[in-house]
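I have placed the structure first, in the form of structure tokens, so that the comments after it can refer back to it.
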Amino acid sequence: MQYNRILLKLSGEALMGERQYGIDPARLKEYAEEIKSVIDKGVEVAVVIGGGNIFRGVAGASNGMDRVQGDHMGMLATVINGLALQSALEDEGIETRLQSAIKINEVAEPFIRRRAVRHLEKGRVVIFGGGTGNPYFTTDSAAVLRAIEIDADVILKGTRVDGIYTSDPEKNKDATKFDNITFKDVLNKGLKVMDTTAFTLSQENELPIIVFDMNKKGNLVKVISGEKIGTKVNL
């Protein structure tokens, strides 16, 4: 395997499957099976999931809600998604730990870096919930921060498109895909990979990002094996 320790970033919307909101059990099972396939190859896996399928703080703020309050609701949504993924992974026979940046001791461990690393070394999947624990920071920022803290080799951003394009491929059929691109070029071209805070943090810490289609069976193993799947962002 090309990568020994990965951080997998999933959007909350990805868990909706064909639904309009909430969690699709079939999609959850597919993701659990994909993660199991790389665990079986000895790869250490940490996961960060967004909460957009349940609640978005930014959306709440745009409708008159206090932004800080809305962001805290969004953080709790990521814990709900984390619990759902934890259950799906355990159904596949995988040991897991859910760690939350917000203290919810009844359902999740507090985030402790050394403990998280030890879980990974023991072959457990560690799911990081609660974002960074702070408002105004996205789960993209949480993913990069946690990846740096646990010394991950790469951030794998699983989406519904198969990489980074010159423009939105769902809206523009003439959009062309990048196989490799530098952090500098992403910024210069105004391409949307992650929010600016998360992207800059990844760049400063020389942590590569691979954007790929998580909904295609077998792609996760292919990425970790070094196959040219998706788009790699590097220095």
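May I ask you to evaluate 6.51 cos²θ - 1.76 cosθ + 1.60, the Karplus curve with θ = phi - 60°, for each residue of the range 80-90 and list the ³J(HN,Hα) values in order in whole Hz, giving x for glycine and proline?
4, 4, x, 5, 5, 5, 4, 4, 5, 5, 5
Compute the distance in nm between two label points, each set 7 Å from the Cα along the Cα-to-Cβ direction, one at K103 and one at M73.
Simple spin-label model gives 2.5 nm for this pair.
Give the percent of DSSP beta bridges with both residues in the chain that are antiparallel, rounded to the nearest 5.
15 percent
Quick check: net charge around M1, other residues with Cβ under 12 Å of its Cβ, Lys/Arg +1 and Asp/Glu -1?
Neighbourhood net charge equals -1.
Roughly how many whole Å is it from the C-alpha centroid of the range 170-192 to that of the range 197-213?
Each part's Cα centre sits 14 Å from the other's.
P(r) for the range 174-235: what percent of alpha-carbon pairs falls in each 10 Å bin, starting at zero?
20, 51, 28, 1
If you take the Cα atoms of the range 99-216, find Rg, then find the Kirkwood Rh from the mean of 1/r over all pairs, what is Rg/Rh?
Using Cα coordinates only, the ratio equals 1.02.
Within the set K9/K171; K41/K177; K41/K184; K122/K228; K189/K216; K9/K103, which residue pairs have Cα atoms separated by over 26 Å?
With Cα atoms farther than 26 Å apart: K41/K177; K41/K184; K122/K228; K189/K216.
What FRET efficiency do you get for N205 and N4 if R0 is 22 Å and r is their Cβ-Cβ distance, rounded to the nearest 0.05?
Computed FRET efficiency for N205 and N4: 0.80.
Given the peptides 48-55, 63-70, arrange them by the average over their residues of other C-beta atoms within 10 Å, most packed first.
Highest-to-lowest ranking by the protection proxy: 48-55, 63-70.
Using 0.36 nm per residue, how much length does the chain from T182 to D213 gain when fully extended, once their Cα-Cα distance is taken away?
9.2 nm
Output needed for the chain: three equivalent-ellipsoid semi-axes, defined as square roots of 5 times the C-alpha gyration tensor eigenvalues, in descending order, whole Å.
Sorted largest first and rounded, they come to 24, 22, 18 Å.
Going by average Cβ density within 10 Å per residue, which order do the peptides 111-121, 19-29, 148-158 take, highest to lowest?
Result, highest mean Cβ count within 10 Å first: 148-158, 111-121, 19-29.
Once each part is reduced to its C-alpha centroid, what is the distance from the range 64-122 to the range 128-165 in angstrom?
Measuring centre to centre over Cα atoms gives 13 Å.
Using label points projected 7 Å from each Cα along Cα→Cβ, tell me how many nm separate M65 and E170, to one decimal.
2.2 nm
Every number here is computed from the coordinates shown, using simple stated rules; none is lab data. Every value quoted in this text rests on a predicted model; they were computed, and no experiment measured them. Here Cβ is always computed from backbone atoms with ideal geometry, including for glycine, and neighbour counts include all displayed protein chains.
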